1. So for the pair T56, V160, with labels modelled 7 Å out along Cα→Cβ, what separation do we get in nm?
2. Just tell me which aspartates and glutamates come within less than 20 Å, Cα to Cα, of K273; anything on the same chain fewer than 8 places away is out.
3. Only four residue types carry charge here, +1 at the Cβ of Lys and Arg and -1 at the Cβ of Asp and Glu. Report the dipole size of region 216-306 about the Cα centre in Debye, rounded to the nearest 20.
4. Using 7 Å Cα-to-Cβ label points, what is the V70/C269 separation (nm, one decimal)?
5. Could you give me the percent of Cα pairs per 10 Å distance bin for region 129-186, shortest bin first, beginning at zero and ending with the bin that holds the maximum distance?
6. For region 153-305, what is one quarter of the convex hull surface built on the Cα atoms, given in nm²?
7. If each of T238 and E216 carries a label point 7 Å out from its Cα toward its Cβ, how far apart are those two points in nm?
8. Can you find, among I10, I336, V61, the residue farthest towards the positive end of the dipole of the chain? Put +1 on the C-beta of Lys and Arg, -1 on that of Asp and Glu.
Amino acid sequence: MEQTKTVRLIDLFAGAGGFTLGFRNRFGSRLSVVWANDFNDYAAATYRANFGDHCTEGDIVDILEDPQTVIPEADIVIGGPPCQGFSLLNKNREHDPRKELWIPYMDVVRRSGARFFVMENVRQLLGSPEHEAIEEEAARQGFRTASGVLCAADYGVPQVRYRAVIIGSLDVNPKLFFPPEPTHYNPKQNGRPRLPFGHALKPYRTLRDVIADLPEPSTPDVGTLPAPLDLHFVRRPTEKSLARYKVVAQEGMNRFDLQRLAPELTPDCWIRKTKGGTDLFGRLWWDRPAFTIRTEFYKPEKGRYLHPEQHRPITHREAARIQTFPDDFVFKGTKIEIAKQIGNAVPPLLGEAVAGCIDEMLSAL
């Protein structure tokens, strides 16, 4: 395909648009987003604020069943059907209807006439019965597929975040182009120095690389200061929470250190739970990538989200930077809704790496 030809994109379950941003970073002015959809009104508003007024909010199943719905023609369909159905955090995942949302996704692929699709999800998707069903439906539509688990840190994201990706192509064998070549490597493995696989690879980006320039947050609310400080606000902790933060004061400490050093400050449920959860109430390291940013990163009891040295969880701006959103990206909604958008997003740099595979396949046509 000519490098100047417009590439038409549909983004389903689009959220804030991290995946779209990755594709726009790769394709630039060649990319035309023709349609997007998300169930959440705030996420759809964020998407429209950054990519144009063509994101429809609502249930994708209802939209597709409406006889008035016309799916625009597209070259590529991307998206991540809600992943909670596969997540290890979901105790009811065996009977979760959200696992079936790949069906309307593949219906849009068919109705749009797309030549390529990219589906992103938690890594538990691969090897599941749903993965097998997706592959069968893709083959029925004439697609050849490639799939694998990618680590976001391998592509310049300062976060060890693993995601499953399935790529389908009608025209070329995607296994010749996927997975994308890593751009970064872990300089330490098992605590030992490690050489890169290739001379061009750079060391993993760290927390220090992306948030060290930010001042201590002072404002308690969203949007009261210009970017990047508009999302750099701090929760007011209780006295007990602040006391707990000060106990786990060193990088890498967690709830077990809290229990060891201050059992009187440790919740009873943590004392009873003697295994698992080593990242709960954990403090991040300056010179390592962060762990997976989820939707409640502002709650230290949910994971390793304490700032490396300040006695607080990371802010929304810090989380957005860890996800590789630029400071000028506009988020719409409440603090809780914006946190959901940040945590649920495909990191744009990871999306850009995947978009590179599609671009190479287009060039091969």
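The values are calculated or read from the model by the stated rules, or taken from the named source; none is laboratory data. Quick caveat, the model's predicted, so the values are computed rather than measured. Cβ sites come from the backbone with ideal geometry, for glycine too, and all protein chains shown count toward neighbours. All accessible areas refer to the heavy atoms of the entire protein, side chains included, with ligands and DNA or RNA removed. Shrake-Rupley method; radii C 1.70, N 1.55, O 1.52, S 1.80 Å.
1. Going by the 7 Å Cα→Cβ label model, 4.2 nm.
2. Correct list for K273: D257, E264, E301.
3. 420
4. 5.1
5. P(r) for region 129-186, in whole percents per bin: 22, 42, 26, 9.
6. Computed as one quarter of the Cα hull surface, the answer is 13.5 nm².
7. The answer from the label model is 2.3 nm.
8. Going by the charge dipole, the pick is I336.
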